[in-house]
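Here the structure is laid out as structure tokens; the discussion comes afterwards.
Bear in mind these aren't lab numbers, they're just calculated from the coordinates by the rules spelled out. Because the structure is predicted, anything quoted here is derived from the model rather than measured.
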Amino acid sequence: RFHPLPSQWNSGLLNCCDDLSSCCYGFWCCPCLACSVSGGLNENHCLPLCDMCSPAVMSAIGIPLCVPPAGLGLRVALRHKYGIKGSVCKDIATSCICVWCNWCQLHRELKYQTNSPNASNPEETLTLAPGQMALSLSTLRRP
């Protein structure tokens, strides 16, 4: 699948004040926000609940688990879907160190990518080499 040129996150990890509604949503009900992000990425809405249940279950059988699997997986999925620069190593660190900030950043990015007229949809836009034109599938569709 073709991705446009790599971009940056539209807000930093600690920029919760960029979108106060996402910040409040994450502060008052982070599990609900996480489930919204999962659904927004067309995954099972309950997937983030694994992050809450799996450490307890794994610890009960003697296997420590410090990386939240859903948070990490959805961060990588969102980054790849929208062509955001980064690495799995950075994603692991972010997912482990600041779980709430991670979910809030994912929610802000998903809102930006789905609501912004300036955000390109990598599935509908083919960007050619610099100096050439970009072809959008939506301009080719007939009404």
Placed amide H near Ile84: partners under 5 Å, 5+ positions off or other chain: Ser7
Gain on full stretching of the segment that runs from Gln8 to Cys89 - 0.36 nm per residue minus C-alpha separation: 27.5 nm
J(HN,Hα) series, region 75-86, from Karplus relation 6.51 cos²θ - 1.76 cosθ + 1.60, nearest Hz, glycine and proline x: 5, 5, 4, 5, 4, 6, 4, 9, x, 8, 4, x
Phi to ³J(HN,Hα) by Karplus 6.51 cos²θ - 1.76 cosθ + 1.60 over region 29-34, Hz, x for Gly, Pro: 8, 4, x, 5, 4, 4
